[in-house]
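Enquirer: After the structure tokens below, expect a handful of questions from me.
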Amino acid sequence: MPLRSSIGRWTLLIVHLFLPLVSTSAAPSYDESSVPAYTLPDVLRVPGEDRRISTVEDWERIARPALLAAFSTHVYGHTPRVRVTTTTSDDSSQPILGGKALLRQTRLHFHHADRKASVDLALILPATASPARPAPLIIGLNFWGNHTISSDPAFRMAAPAPGMETRERGSMNRRWPLESLVEQGYAVLTAFRGDVAPDNPTHYRSGVLSLFPDNTGPSRMGAIGAWSWTLSRLADHAGTLPEIDSTRISVIGHSRLGKAALWAAAQDTRFVRVFANNSGCMGGALSRREFGETVAIITRNFPYWFAPRLADYAERVNELPIDQHQLIALIAPRLVHIGAAQQDLWADPRGELLALRAAAPAYALYGIATELPDQLPPADATPLGTVLRFHLRTGRHDILAADWQAYLTPPGSRPTSRPPR
Ligand code: GCU
């Protein structure tokens with residue numbers, strides 16, 4: 001064997017054995033002192049250009065579209081801008097929660113070219129809502145099926161999604177404090193993420209993504225793009241309901257669905273408030289901190305959530321043309337509330353607070369002053385902020401009644417002493 005090629009082989013072997021030890025994709029870090037030095041992209045600079053904007057008009061006309069394009073190209077994939085027609089079937093209504101609300105279940109069908117997909121919706125409408133007194137709405141996908149958010153057998157069982165386990169009726173009640181929401185006058189519209197895009201690397205295209213055969217290439221949208229797209233379709237549907245106040249639609253999501261909620265609100269200005277719960281990496285947390293889950297880790301474990309191009313940045317996160325504070329900035333001047341949990345270091349609570357803080361210049365363009373600290377507040381305290389809001393809850397990665405209570409606490413008021421049921 002020629003000497004050169006045997007040296008080459010040894011080098012290759014050594015690189016293979018030791019690269020994982022030096023690469024950032026190795027173990028996650030939870031040590032604040034090992035957060036690397038980083039510089040965030042300037043929120044007011046147009047990505048890919050030297051130009052820095054200073055007016056709302058230029059923000060909306062130049063910077064916002066460029067930022068949306070950058071997030072589409074490098075992170076979530078391009079949302080197809082095609083006309084999809086929707087029809088509904090299986091509409092049924094029945095009283096729930098002892099008559100405090102009406103459960104309306106509808107199947108939403110999407111048609112595009114000769115393709116079809118459908119999603120089952122559950123709308124929980126306060127009995128007090130009427131066309132004369134339309135209710136504010138909270139839209140959010142659920143993890144395990146509409147039947148898991150309540151023990152009431154009126155909620156239809158979700159069809160099993162390919163490649164996903166099934167969960168029992170009522171098993172996610174803790175995440176959906178419906179009675180308390182209805183008592184506060186909110187309507188809730190939800191659908192199962194598995195109906196929309198099964199959360200599985202082999203099957204994720206079998207839901208709404210099957211409508212878009214041209215969704216290909218390194219910037220194609222993955223499951224998060226599909227979930228976000230569908231959140232907007234739920235807003236379309238809400239716009240047809242006279243008992244819903246379509247000027248007061250909030251979007252909520254926990255964890256991977258929190259990432260989707262932020263991306264939906266960034267693209268769709270009908271969402272006047274977004275509640276991103278424990279959304280972490282590629283949600284509310286800064287990527288450049290490499291604290292907890294990193295771009296390297298998430299693209300290795302969940303490549304199908306994103307545009308394939310995101311994986312190019314696994315080992316060079318500082319070259320990403322954007323960071324997550326700019327996703328939040330895209331939502332300006334609307335309300336963004338990030339909820340973190342004290343033990344959920346994987347999602348980097350401090351990285352989320354810092355991303356919110358760093359989005360401030362976009363809000364300042366609209367004359368909205370924001371004041372957020374750069375250190376985490378005490379857990380379970382009144383949420384910080386007014387338009388850019390943050391709370392830290394004690395406990396683990398989850399969305400609980402205490403989180404909903406924080407999201408619905410009007411800015412400047414004290415939380416009620418009794419947590420919602
Ligand atoms: C995993 C993943 C996170 C995600 C979370 C969830 O932990 O790494 O990015 O937010 O699942 O959706 O619960």
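Enquirer: Dipole of the chain (Lys/Arg Cβ +1, Asp/Glu Cβ -1, origin at the Cα centre): which of LEU209, ALA311, VAL188 lies farthest to the positive side?
Expert: LEU209
Enquirer: Using the charge dipole of the chain (Lys, Arg: +1 at Cβ; Asp, Glu: -1 at Cβ; taken about the Cα centre), state which of LEU102, GLY258, ALA341 has its Cα farthest towards the positive end.
Expert: Of the options given, the answer is LEU102.
Enquirer: Taking amide H positions as placed 1.01 Å from N in the peptide plane, with prolines and chain starts having none, which residues 5 or more places from GLY280, or on another chain, fall under 5 Å of its amide H?
Expert: Under 5 Å from the amide H of GLY280 lie the amide H atoms of ALA285, each far enough along the sequence or on another chain.
Enquirer: Something else now. What is the set of long-range amide H partners of ALA101 at a cut-off below 5 Å, with H atoms built 1.01 Å from backbone N?
Expert: Amide H neighbours of ALA101, under 5 Å, 5+ apart: ILE96, ALA127.
Enquirer: Once the principal axes of the Cα atoms of segment 312-421 are found, what is the range along each, listed largest first in whole angstroms?
Expert: Projected onto the principal axes, the Cα atoms of segment 312-421 cover 47, 34, 22 Å.
Enquirer: Let me have the 222 nm mean residue ellipticity of the chain computed from DSSP H runs of 4+ only, each contributing -39500 (n - 2.57), with the sum over all residues rounded to the nearest 500.
Expert: -7000 deg cm²/dmol
Enquirer: Given that compact globular proteins tend to follow 2.2 N^0.38 Å, what is the ratio of the alpha-carbon Rg of segment 53-100 to that value?
Expert: 2.13
Enquirer: What's log10 of I(q)/I(0) for segment 201-249 at q = 0.22, 0.26 Å⁻¹, Debye sum over Cα points only, no solvent?
Expert: Listed by q, the Debye log ratios stand at -0.79, -0.94.
Enquirer: Can you give me the C-alpha center-to-center distance between segment 351-369 and segment 277-308, rounded to a whole angstrom?
Expert: Taking the Cα centre of segment 277-308 as reference, the centre of segment 351-369 is 21 Å away.
Enquirer: For a quick check: with amide H placed at 1.01 Å from N, whose amide H comes under 5 Å from VAL251's, ignoring anything fewer than 5 positions away on the same chain?
Expert: Amide H neighbours of VAL251: ILE139, ARG273, VAL274, PHE275.
Enquirer: Rank these for me by crowding, TYR186, TYR30, going from fewest to most other beta carbons within 10 Å.
Expert: TYR30, TYR186
Enquirer: Tell me, LEU102, LEU141, LEU310 in order of fewest to most beta-carbon neighbours within 10 Å?
Expert: So the residues, fewest neighbours to most, are LEU102, LEU310, LEU141.
Enquirer: Provide the per-residue ³J(HN,Hα) series for segment 189-195, in order, calculated from phi with Karplus coefficients 6.51, -1.76, 1.60 and θ = phi - 60°, each as a whole number of Hz, with x at glycine and proline positions.
Expert: 10, 9, 8, 7, 4, x, 5
Enquirer: Between segment 207-237 and segment 112-141, how far is it from one alpha carbon centroid to the other, in angstrom?
Expert: Using only Cα atoms, the two centres lie 19 Å from each other.
Enquirer: Please list, in order along segment 392-407, the HN-Hα scalar couplings obtained from phi with the Karplus expression 6.51 cos²θ - 1.76 cosθ + 1.60 (θ = phi - 60°), rounded to whole Hz, x for Gly and Pro.
Expert: Those phi angles translate into 10, 9, 6, x, 9, 4, 4, 10, 10, 3, 5, 5, 4, 4, 4, 4 Hz.
Enquirer: Let me ask you something else. Once you have the alpha carbon radius of gyration of segment 112-178, what is it after dividing by 2.2 N^0.38 Å, with N set to its residue count?
Expert: Expressed relative to 2.2 N^0.38 Å, the Cα Rg reads 1.34.
Enquirer: For segment 3-408, what is the relative contact order in percent, using Cα pairs closer than 8 Å and at least 6 residues apart in sequence?
Expert: Relative contact order, segment 3-408: 17 percent.
Enquirer: Take every Cα-Cα distance within segment 3-408, group them into 20 Å bins from 0 onward, and report for each bin the whole-number percent of pairs it holds.
Expert: Whole-percent P(r) values from 0 Å outward: 27, 58, 14, 1, 0.
Enquirer: Under a point-charge model restricted to the Cβ atoms of Lys and Arg (+1) and Asp and Glu (-1), what is the dipole moment magnitude of segment 48-105 relative to its Cα centre, in debye to the nearest 20?
Expert: 100 debye
Enquirer: Now for a different question. Tell me, what HN-Hα J-couplings in whole Hz come from the Karplus equation 6.51 cos²θ - 1.76 cosθ + 1.60 at θ = phi - 60° for each residue of segment 169-185, using x for Gly and Pro?
Expert: 3, x, 5, 10, 3, 4, 8, 10, x, 4, 4, 5, 5, 5, 4, 8, x
Enquirer: Here's something else I'd like to know. For labels at ASP42 and VAL82 in the simple 7 Å Cα→Cβ model, what's the distance in nm?
Expert: Simple spin-label model gives 4.0 nm for this pair.
We did not get these values from a lab; they are worked out from the coordinates using the rules stated. All figures in this text were calculated on a predicted structure; none of them were measured in a lab. Here Cβ is always computed from backbone atoms with ideal geometry, including for glycine, and neighbour counts include all displayed protein chains.
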